[in-house]
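The values are calculated or read from the model by the stated rules, or taken from the named source; none is laboratory data. The shown structure was predicted, so the numbers you read here are calculated from the model rather than taken from an experiment. Cβ placement follows ideal geometry from the backbone for every residue including glycine, while neighbour counts extend to all protein chains displayed. Heads up: the accessible areas ignore ligands, DNA and RNA and are worked out on the full protein's heavy atoms, side chains in. Shrake-Rupley method; radii C 1.70, N 1.55, O 1.52, S 1.80 Å.
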Amino acid sequence: MDGRSTNSNKSDKYNKEKWKQINGVKTIEVLLWSIIFPGFGQILNGKYLKGIVLIPLIVLIIVKGNLNLIILSSLQGNVERAIQLINHKWILFFPCLYFFAIWDAYKDAGGGEKPYSSFLFLFSGYFMTVGTIFSTKITLFDLHIAPIWLPMISVIPGILVGLLLQWIIISKENV
């Protein structure tokens with residue numbers, strides 16, 4: 001081996017140590033960018049191929065599922081139009097892909113080291129999918145809830161169930 005590869009190894013080790021020093025901030029930054037738009041976190045992590053695959057895939061689902069029009073109509077109070085715009089054949093892919101992309105970027109940035117930490121993301125995606133399925137059927141005081149609200153609210157029990165199951169499994173393993 002020549003001297004350059006040794007220096008390269010020292011440089012790589014230094015970069016990894018530097019990464020660990022700023023990891024807390026970097027992990028949060030990647031998590032937030034992934035929440036804003038899946039694929040951005042992967043690009044920040046240097047996982048360009050993943051990001052380049054995820055971004056067009058998410059855009060395709062958003063366009064084919066009419067998600068932006070659903071959000072716009074819902075926020076403008078035109079709930080019936082928002083319900084008519086939903087294309088369940090496409091929109092049901094969104095929650096799981098969304099939370100997978102967030103988890104993947106978070107994990108690659110150094111987060112999620114605690115066992116079963118993926119449960120938070122997994123069950124959020126599951127509950128959001130269920131919320132999406134029932135978003136056109138559930139009413140409150142004979143009024144339809146805008147189809148974006150039920151899926152978003154459904155993330156809360158998803159987080160709670162994920163954390164509860166994580167705690168139960170870890171507790172049983174430590175007995």
Of the residues 120, 57, 97, which single one is modelled with pLDDT under 95, surrounded by 14 or more Cβ atoms within 10 Å (Cβ to Cβ), in contact with a Leu (Cβ under 8 Å, 6 or more places away or on another chain) and assigned to a helix (DSSP H, G or I)? 120
Which of the residues belonging to segment 100-117 are open to solvent by 40 Å² or more (accessible area, probe 1.4 Å) and over 8 Å from the mean Cα position of the chain (by Cα)? 106, 107, 108, 113, 114, 115, 116
Given the structure, is residue 80 surrounded by fewer than 19 Cβ atoms within 10 Å (Cβ to Cβ) and outside any helix (DSSP H, G or I)? no
Only residues in segment 154-175 that are closer than 17 Å to residue 114 by Cβ count as the first member; pair them with residues that are open to solvent by 60 Å² or more (accessible area, probe 1.4 Å) and modelled with pLDDT of 95 or more, Cβ under 7 angstrom, at least 6 apart or cross-chain, and list the lot. 162/122
Within segment 60-77, restricting attention to residues that are among the polar types (S, T, N, Q) and open to solvent by 30 Å² or more (accessible area, probe 1.4 Å), which residue is modelled with the lowest pLDDT? 76
Can you pull out the residues in segment 130-154 that are crowded, with 20+ Cβ neighbours inside 10 Å and part of a helix (DSSP H, G or I)? 131, 132, 150, 151, 154
Pair list, Cβ under 6 Å, 6 or more apart: segment 19-37 residue surrounded by 16 or more Cβ atoms within 10 Å (Cβ to Cβ) and modelled with pLDDT under 95, other residue among the aromatic types (Phe, Trp, Tyr) and not in a helix (DSSP H, G or I): none
